[in-house]
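Colleague: For reference, the structure I am asking about is given below.
The values are calculated or read from the model by the stated rules, or taken from the named source; none is laboratory data. Small disclaimer: the values here were computed from a predicted structure and weren't measured. We work out accessible area using only protein heavy atoms, side chains counted, and drop any ligands, DNA or RNA first. Shrake-Rupley method; radii C 1.70, N 1.55, O 1.52, S 1.80 Å.
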Amino acid sequence: RADSSVPVVAQSIGDDATSVAISGETSCATRNSLDVYCWGGGPFGAGMVVPGLTDAAKIFMGATGGCVLQTSGRILCSGG
């Protein structure tokens, strides 16, 4: 991860992102594969697919948590 004053391509996501959300130092994207990939601060520093989040259509993040809207219409949330 490197700071940049100009837009750069997010690494390791590929060209199949369907939505993206940012909170603090963490960014997450849903992908065509219906998983959630996060990178940035905390446990996602190197970038990883978030275990247990499947069937993800969109992701939303706030200051202390986030939610995933699944293609079935179910919403999963975590955080404070």
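Colleague: Among GLY73, GLY52, which is at positive phi and modelled with pLDDT of 95 or more?
Modeller: Step by step, each of GLY73, GLY52 is checked, and only GLY73 is at positive phi and modelled with pLDDT of 95 or more.
Colleague: OK, next. Only residues that are more than 12 Å from the chain's Cα centre (by Cα) and of a type in the set (S, T, N, Q): list them for the stretch 13-26, please.
Modeller: Once the filter is applied, which keeps residues that are more than 12 Å from the chain's Cα centre (by Cα) and of a type in the set (S, T, N, Q), the stretch 13-26 yields nothing.
Colleague: Also, quick follow-up: Taking only the stretch 12-67 into account, find how many residues are open to solvent by 30 Å² or more (accessible area, probe 1.4 Å) and assigned to a loop (DSSP other than H, G, I, E, B).
Modeller: Matching residues across the stretch 12-67 total 19.
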